[in-house]
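Q: What follows is a structure written as structure tokens; I'll ask about it next.
The values are calculated or read from the model by the stated rules, or taken from the named source; none is laboratory data. Keep in mind that what you see is a predicted model, and the values were worked out from it rather than measured. Note that we place each Cβ from the backbone using ideal geometry, even for glycine, and neighbour counts take in every protein chain shown.
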């Protein structure tokens, strides 16, 4: 039986509304195809060993939890996260987790927090939050203009560096910063989004694309059998239609 | 001065009357209208009345109802803001409707539940005799923001009312932290041991110390992050509550507890199921204690209590017993799921999810709730139906909890849904309806067109 190993990074700190839904979605869609998912939770005080995992998931958190996390994020842990990204491990990072992969976060009091620097993005805090349902069109050619529906709730404005591509282009909503129409980030096998609350359950094509990226990396060319996704697509379509 | 109160009161009443004629249960507009004519209307109207103000994430309504029941048994005259109208406008309207035209109170006491975000404005105006903070859980981040923000709002409200007695949950590390920052008289409540008969979920909203950010250790936990917590780093810990429950057993539709009121023990049957309702009862007992109500009266009221609006009420639909239980966040829903899992009778389960402002526009919390546990007792479910604005999301949540998607019935039309419930349960299978806030109002409205049920503004 084929198997993927997933690391849930800081599950007790970065677990804002519904982040678990992304893991449930990946796990079930693998299981339904006879592929197993081994889940490891790495939090405060645990070592993160870069090449132990096929997929790393990082969710979003509140400021209070982010501060706890920063004290745990040693140079060693940062280095290992950078190495995992460089070596092509698949990452799905949401909200706070997305920001964490960047170089730094500067809050609205101008205090800078240094993050992992695994990808060239940074975030500037603002007082006004960007909240609500939103939609974007995926940029990866393999996804051929797929429309993704989600819910965003963030005060940080994230800006992408030169080597980092957006995950998609905003149709309705704010996205990375409410300025440049970019939504999320793509770099190597890293997928980032501000769609906190589960991104994957109602966007099954994106979920399969992420899973396939991990399976191909591990097993070479890989064929994922087709599932009936009508219920998932109906849930996503409700948002897409509402925002039209 | 007096004349503007009279005008404001008249405006509030006329608009309430008009809304009732057109059949709307709207409870906030009249207060808004009244406030236009007298900005500090609430302050003036609450001046000569002893108020207990109830806030917190979960259990506000049930707690209010239990307090009212105890007051009734104690012979107090009181009014409540009954319809869940718990923002400043709705609360103002409640005071207006329960005062004379010139602004004098008709009752000695008022039992008022208050939204957590509105609390910092409402509390300084009312200056209540007693403030109850039931608990704090993550809830509607789109509306309330971070949990520490909610905590701070409550702190601001209490600080502006230093004579109030404050009732706090000793088992909740989040809201109990208020005890250290306020100078008010405090009455604590909590569970002295974990309840028997529960297999609780411990999905924690607060694994790390609110003071120093080190992880908590627990001597025992009751559910979610509640329990006998201790921080070995800074020493922050649960204090022994004056009002507590020991030796608790959760039964089908009730709970047996040894109720402790200032070291006096009373064996007590609480006519409500679920660990969360023991907390609600204890907070109500603590509030009653702040009014020096006799212990015997409190104990008698607890066993005769009939549940509050929508939180756990049973409606009769032509012989079909419809149990309606409001759900609005993972901690609350998990408690309801735990309760349902202990009930082996065959039933119909209806979940209704809306994403209006009052529900929280972000419905992703359903992915944190333990739907997998619903699957574990699916053999007791005759059918499972999803409805509401976001029924499709509920359907996939159930699908990913391994329900067969072809067996999940999706029906957004309430009229059809009601017909289905009633026709399908001709053999008198009970139905459990779990709506979010606005879904509960809408669904009740649809029900009231066909059945005689209590109007929601009563």
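Q: Restricting to region A:183-205, give me the number of residues that are buried (at least 24 other Cβ atoms within 10 Å of the Cβ) and either within 14 Å of chain B (Cβ to nearest Cβ) or assigned to a loop (DSSP other than H, G, I, E, B) (or both).
A: Matching residues across region A:183-205 total 12.
Q: May I ask you to say which residue of B:278, B:243 is over 18 Å from the mean Cα position of the chain (by Cα) and surrounded by 20 or more Cβ atoms within 10 Å (Cβ to Cβ)? Break it down stepwise before answering.
A: Working: B:278 fails: over 18 Å from the mean Cα position of the chain (by Cα).
Answer to the check: B:243.
Q: Kindly list the number of the only condition in (1) touching a residue at least 12 places away in the same chain (Cβ under 8 Å); (2) within 14 Å of another protein chain (Cβ to nearest Cβ); (3) in a helix (DSSP H, G or I) that fails for residue A:84.
A: Failed condition: (2).
Q: Ok, one more. Mind checking whether some residue in region A:131-150 is under 30 Å from residue A:74 (Cβ atoms), touching a residue at least 40 places away in the same chain (Cβ under 8 Å) and part of a strand (DSSP E or B)?
A: Looking only at region A:131-150, we keep the residues that are under 30 Å from residue A:74 (Cβ atoms), and these are none.
For region A:131-150, residues under 30 Å from residue A:74 (Cβ atoms), touching a residue at least 40 places away in the same chain (Cβ under 8 Å) and part of a strand (DSSP E or B): absent.
Q: Being within 14 Å of another protein chain (Cβ to nearest Cβ), assigned to a helix (DSSP H, G or I) and surrounded by fewer than 16 Cβ atoms within 10 Å (Cβ to Cβ) is the requirement here; does residue B:334 meet it? Steps first, please.
A: Details: within 14 Å of another protein chain (Cβ to nearest Cβ): yes; assigned to a helix (DSSP H, G or I): yes; surrounded by fewer than 16 Cβ atoms within 10 Å (Cβ to Cβ): no.
So residue B:334 fails the test.
Q: Checking the structure you have, find out if any residue of region B:126-135 is more than 20 Å from the chain's Cα centre (by Cα), in contact (Cβ under 8 Å) with a residue 40 or more places away in the chain and either buried (at least 21 other Cβ atoms within 10 Å of the Cβ) or assigned by TED's automatic domain parsing to the domain that holds residue B:439 (or both). Let's see the steps before the verdict.
A: If we filter region B:126-135 for residues that are more than 20 Å from the chain's Cα centre (by Cα), which is where we start, we get B:126-127, B:129.
Now narrow it down to the ones that are in contact (Cβ under 8 Å) with a residue 40 or more places away in the chain: B:126-127, B:129.
Filter once more, keeping what is either buried (at least 21 other Cβ atoms within 10 Å of the Cβ) or assigned by TED's automatic domain parsing to the domain that holds residue B:439 (or both): B:126.
Yes: one or more hits.
Q: Additional query: Tally up the residues in region A:206-235 that are closer than 14 Å to residue B:393 by Cα, assigned to a helix (DSSP H, G or I) and in contact with a helix residue (DSSP H, G or I) (Cβ under 8 Å, 6 or more places away or on another chain), please.
A: Narrowing region A:206-235 to residues closer than 14 Å to residue B:393 by Cα: A:229-235.
Filter once more, keeping what is assigned to a helix (DSSP H, G or I): A:230-235.
Cutting the leftovers down to in contact with a helix residue (DSSP H, G or I) (Cβ under 8 Å, 6 or more places away or on another chain) gives us A:231-235.
Residues in region A:206-235 being closer than 14 Å to residue B:393 by Cα, assigned to a helix (DSSP H, G or I) and in contact with a helix residue (DSSP H, G or I) (Cβ under 8 Å, 6 or more places away or on another chain): 5 in total.
Q: Have a look at B:396, B:374 and point out the one that is within 11 Å of chain A (Cβ to nearest Cβ) and either more than 24 Å from residue B:202 (Cα to Cα) or out of contact with any strand residue (DSSP E or B) (no Cβ under 6 Å at 6 or more places or on another chain) (or both). Show your work before the answer.
A: Details: B:374 fails: within 11 Å of chain A (Cβ to nearest Cβ).
After ruling out the rest, the residue left standing is B:396.
Q: Please pick out the residue among B:329, B:354 that is within 14 Å of chain A (Cβ to nearest Cβ) and at pLDDT below 90. Let's see the steps before the verdict.
A: Working: B:354 fails: at pLDDT below 90.
One residue alone meets the criteria, B:329.
Q: If only one of B:151, B:188 is within 24 Å of residue A:65 (Cα to Cα) and buried (at least 17 other Cβ atoms within 10 Å of the Cβ), which one is it? Let's see the steps before the verdict.
A: Working: B:188 fails: within 24 Å of residue A:65 (Cα to Cα).
Result: B:151 is the single residue among B:151, B:188 that is within 24 Å of residue A:65 (Cα to Cα) and buried (at least 17 other Cβ atoms within 10 Å of the Cβ).
Q: Regarding residue A:173, is this residue within 14 Å of chain B (Cβ to nearest Cβ), closer than 23 Å to residue A:23 by Cβ and touching a residue at least 24 places away in the same chain (Cβ under 8 Å)?
A: Numbers: within 14 Å of chain B (Cβ to nearest Cβ): yes; closer than 23 Å to residue A:23 by Cβ: no; touching a residue at least 24 places away in the same chain (Cβ under 8 Å): yes.
Here the answer is no, as residue A:173 does not meet what is asked.
Q: Condition first: farther than 24 Å from residue B:367 by Cα and either free of Cβ contacts under 8 Å to residues at least 40 places away in the same chain or within 9 Å of chain B (Cβ to nearest Cβ) (or both). Now tell me which residues in region A:206-225 satisfy that.
A: Residues satisfying the conditions are A:216, A:220, A:221, A:222, A:223.
Q: For region A:65-76, does any single residue satisfy the condition of being under 20 Å from residue A:211 (Cβ atoms), out of contact with any helix residue (DSSP H, G or I) (no Cβ under 6 Å at 6 or more places or on another chain), in contact (Cβ under 8 Å) with a residue 24 or more places away in the chain and crowded, with 18+ Cβ neighbours inside 10 Å?
A: Of all residues in region A:65-76, those under 20 Å from residue A:211 (Cβ atoms) come to none.
Within region A:65-76 (the criterion being under 20 Å from residue A:211 (Cβ atoms), out of contact with any helix residue (DSSP H, G or I) (no Cβ under 6 Å at 6 or more places or on another chain), in contact (Cβ under 8 Å) with a residue 24 or more places away in the chain and crowded, with 18+ Cβ neighbours inside 10 Å), the answer is no, since none of the residues qualifies.
Q: Same structure, new question: Any residue at all in region A:33-41 that's within 14 Å of chain B (Cβ to nearest Cβ) and out of contact with any strand residue (DSSP E or B) (no Cβ under 8 Å at 6 or more places or on another chain)?
A: No: zero hits.
Q: If a residue must be facing another protein chain (nearest Cβ under 9 Å), surrounded by fewer than 24 Cβ atoms within 10 Å (Cβ to Cβ) and assigned to a helix (DSSP H, G or I), how many such residues does region A:13-28 contain?
A: 4
Q: Another one. Do we have any residue at all in region B:159-179 that's under 23 Å from the mean Cα position of the chain (by Cα), surrounded by fewer than 17 Cβ atoms within 10 Å (Cβ to Cβ), modelled with pLDDT of 95 or more and away from chain A (no Cβ under 14 Å)?
A: The answer is yes, given that some residue of region B:159-179 is under 23 Å from the mean Cα position of the chain (by Cα), surrounded by fewer than 17 Cβ atoms within 10 Å (Cβ to Cβ), modelled with pLDDT of 95 or more and away from chain A (no Cβ under 14 Å).
Q: Then there is this: Residue B:76 - would you say it is away from chain A (no Cβ under 14 Å), touching a strand residue (DSSP E or B) at 6+ places or on another chain (Cβ under 7 Å) and either buried (at least 20 other Cβ atoms within 10 Å of the Cβ) or closer than 20 Å to residue B:440 by Cβ (or both)?
A: Values: away from chain A (no Cβ under 14 Å): yes; touching a strand residue (DSSP E or B) at 6+ places or on another chain (Cβ under 7 Å): yes; either buried (at least 20 other Cβ atoms within 10 Å of the Cβ) or closer than 20 Å to residue B:440 by Cβ (or both): no.
No; evaluated as a whole, the condition is false for this residue.
Q: Also, I was wondering about something else. Does residue A:240 count as surrounded by 15 or more Cβ atoms within 10 Å (Cβ to Cβ) and within 13 Å of chain B (Cβ to nearest Cβ)? So that I can check it myself, show each step before the final result.
A: Details: surrounded by 15 or more Cβ atoms within 10 Å (Cβ to Cβ): yes; within 13 Å of chain B (Cβ to nearest Cβ): yes.
Here the answer is yes, as residue A:240 does meet what is asked.
Q: Tell me, which helices (runs of 4 or more DSSP H) wholly within region B:360-458 include 2 or more residues that are surrounded by fewer than 19 Cβ atoms within 10 Å (Cβ to Cβ)?
A: Details: elements: B:371-376, B:391-399, B:414-424, B:437-450.
Because the criterion is at least 2 residues that are surrounded by fewer than 19 Cβ atoms within 10 Å (Cβ to Cβ), the helices (runs of 4 or more DSSP H) in region B:360-458 that meet it are B:371-376, B:414-424, B:437-450.
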